[in-house]
Amino acid sequence: MSDKELLELPMSQGKFEQIWGDLGFGELIKELPRTNSDAWLTAALPDGRFTDGFDLDLPENSAAHDVASAVDSLPPPATVVPSTTDYPGEYNFQLHFNQSSTTKSTTSTYSQLLNKLYCQLAKTCPVDVLVGREPPKGAMLRATAIYKKSEHVSEVVIRCPHHQNIAENNEGVSHRSHLIRVEGSQRVQYHEDPNTKRHSVTMLYESPQLGSVVTTVLLNFMCNSSCMGGMNRRPIFTILTLETFES
């Protein structure tokens with residue numbers, strides 16, 4: 001764009017709609033639905049349904065978490081924004097979820113269409129890990145939570161002060177602020193990156209039991225998505241990585 005063209009742009013502090021209208025994009029703006037309307041959902045789901053039999057009527061304060069998977073080498077680089085792109089890697093690392101339940105008593109359910117895991121506070125959420133070939137001895141699984149939206153992604157996901165205080169007498173002080181917990185696994189360790197301050201939890205990768213092809217990981221999310229001072233209704237990604245000491 002030339003200097004002349006730059007000078008001809010309207011220098012206004014008004015609404016973007018007015019500026020775009022002056023530039024000849026008015027008809028396009030009129031066709032777009034408002035962000036606070038249901039038109040976006042209608043456009044994304046023209047049939048008006050998520051999936052046949054899928055029910056979002058979970059108990060109150062259930063949290064929804066987007067799920068991503070990746071493979072990396074241990075230790076992971078201290079990046080400001082971890083990758084959320086699915087990457088099976090050389091071990092064909094995949095995540096599978098139990099059949100979604102539509103009952104109100106369920107503790108967690110997964111929407112394949114939305115790629116979201118809905119779960120209750122501090123309730124067991126099973127995740128099945130599948131690999132194409134056996135990783136080397138000492139391989140670890142790591143779970144990390146990050147905020148989904150770009151304006152929040154640099155912030156560290158932690159538990160709200162209220163649930164931290166409740167847990168003070170019942171849990172280890174070193175990880176009571178961690179959102180994600182792991183149960184039923186050996187050598188579980190809770191980490192805080194010295195550079196980014198992000199929280200993660202690692203566990204030893206265990207081969208599937210005889211007669212099974214998957215390894216089941218049991219995750220707990222220790223806050224509601226609505227907790228003030230914590231997630232505060234901000235959606236998150238849960239990143240699961242398979243990490244080895246090999247280069």
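Flag: Ser207 matches the condition of being hydroxyl-bearing (Ser, Thr, Tyr), closer than 26 Å to Ala139 by Cβ and part of a loop (DSSP other than H, G, I, E, B).
Scanning the range 144-181 for residues that are over 17 Å from the mean Cα position of the chain (by Cα) and of a type in the set (Gly, Ala, Ser), which turns out surrounded by the most Cβ atoms within 10 Å (Cβ to Cβ)? Looking at residues that are over 17 Å from the mean Cα position of the chain (by Cα) and of a type in the set (Gly, Ala, Ser), I get Ser177. None of Thr238, Thr244, Thr215 is surrounded by fewer than 20 Cβ atoms within 10 Å (Cβ to Cβ) and either within 23 Å of Lys123 (Cβ to Cβ) or not β-branched (Val, Ile, Thr) (or both) except Thr215.
Between Ser200, Ser225, Ser177, which is among the polar types (S, T, N, Q), at pLDDT 95 or above and in contact with a Lys or Arg (Cβ under 7 Å, 6 or more places away or on another chain)? Before the answer, list the steps.
Numbers: Ser225 fails: at pLDDT 95 or above; Ser177 fails: at pLDDT 95 or above.
Result: Ser200 is the single residue among Ser200, Ser225, Ser177 that is among the polar types (S, T, N, Q), at pLDDT 95 or above and in contact with a Lys or Arg (Cβ under 7 Å, 6 or more places away or on another chain).
Cβ separations smaller than 6 Å between residues 6+ apart or across chains give the following pairs from the range 203-221 residues that are under 11 Å from Gly184 (Cβ atoms) to residues that are in a strand (DSSP E or B) and polar (S, T, N, Q): Glu206/Thr215.
Residues that are in contact (Cβ under 8 Å) with a residue 60 or more places away in the chain and outside any strand (DSSP E or B) within the range 233-246 comprise Arg234, Pro235, Phe245, Glu246, listed in sequence order.
Screening Leu113 with (1) within 20 Å of Ile236 (Cβ to Cβ); (2) in a strand (DSSP E or B); (3) modelled with pLDDT of 80 or more gives one miss only, at (2).
Residues in the range 116-127 that are in a loop (DSSP other than H, G, I, E, B) and on the phi < 0 side of the Ramachandran plot: Gln120, Leu121, Lys123, Thr124.
So which of Leu117, Leu141 ends up being under 13 Å from the mean Cα position of the chain (by Cα) and either among the charged types (D, E, K, R) or crowded, with 19+ Cβ neighbours inside 10 Å (or both)? Within the list Leu117, Leu141, the selection yields Leu117.
Quick one: is Glu192 free of Cβ contacts under 8 Å to residues at least 24 places away in the same chain and either within 21 Å of the chain's Cα centre (by Cα) or in the same structural domain as Gly229 (by TED's automatic domain parsing) (or both)? Yes, satisfied.
Here's the yes/no breakdown for (1) over 29 Å from Asn92 (Cα atoms); (2) of a type in the set (Phe, Trp, Tyr); (3) part of a loop (DSSP other than H, G, I, E, B):
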site	(1), (2), (3)
Val129	no, no, no
Arg133	no, no, yes
Lys137	no, no, yes
Leu141	no, no, no
Ile146	no, no, no
Ser150	no, no, yes
Arg159	yes, no, yes
Gln164	yes, no, no
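Checked against the criteria, Thr216 counts as among the hydroxyl-bearing types (Ser, Thr, Tyr) and closer than 24 Å to Thr109 by Cα.
The values are calculated or read from the model by the stated rules, or taken from the named source; none is laboratory data. The structure presented is a predicted model; accordingly, all values stated were derived computationally and were not measured. As a convention, Cβ positions derive from the backbone with ideal geometry for all residues, glycine included, and neighbour counts pool all protein chains shown.
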